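First comes the structure, then the notes that go with it.
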Amino acid sequence: MNDNGSKKQNRRRGPDTLVKSINVLAGVTWFLILVVFILITFAKPRVETFFDRQYNISLGGGWDKTIISYAVILLFILVMICFIGIIININRHKRKTDKYNKSLIWFGIISLIGMIYFLIIM
């Protein structure tokens, strides 16, 4: 309530530029995490199948280090995007109806853990 006893009117007319940028950053993180999962799928070592054993086919070595390095770079970019988005979200969070973007928080945590994991196994 303001000085003369009436309720303060909400003057927002929809999402502003900061809210839109948070949503765009969340969409970018979804895309990047999908690309990282695809890269990790291609980098994984092949699993021996029945036909590999039957015909004595030799499987290649372990993880493809080049593809994993690309995935780690993307994970680092993902952490930075999530960090920027969370900072914008914290600065924007002023009203009761404002919410934190859970995608930015979760993908930031997941990408940080994944980046540390792949840096350890490389």
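Nothing in this text is a laboratory measurement; each read-out follows from the coordinates by a stated rule. Everything quoted here is computed from the prediction, not taken from an experiment. Neighbour counts run over all protein chains shown; Cβ positions are idealised from the backbone, glycine included.
Ranked by the mean number of other Cβ atoms within 10 Å per residue, highest first, peptides 68-79, 32-43 order as 68-79, 32-43. Under the convention that each Lys and Arg Cβ holds +1 and each Asp and Glu Cβ holds -1, the size of the dipole of the chain around its Cα centre is about 940 debye.
Past the 13 angstrom mark, what percentage of all C-alpha to C-alpha distances in the range 24-64 do you count? I get 63 percent for the Cα pairs in the range 24-64 exceeding 13 Å.
At q = 0.11, 0.12, 0.14, 0.20 Å⁻¹, what base-10 log of I(q)/I(0) does the Debye formula yield for the range 17-121 when every alpha carbon is treated as an equal point scatterer in vacuo? Computed log10 I(q)/I(0) values: -0.46, -0.51, -0.62, -0.95. What relative contact order, as a whole-number percentage, does the chain give when Cα pairs under 8 Å and 6 or more residues apart are counted? Computed over the chain, the figure is 30 percent.
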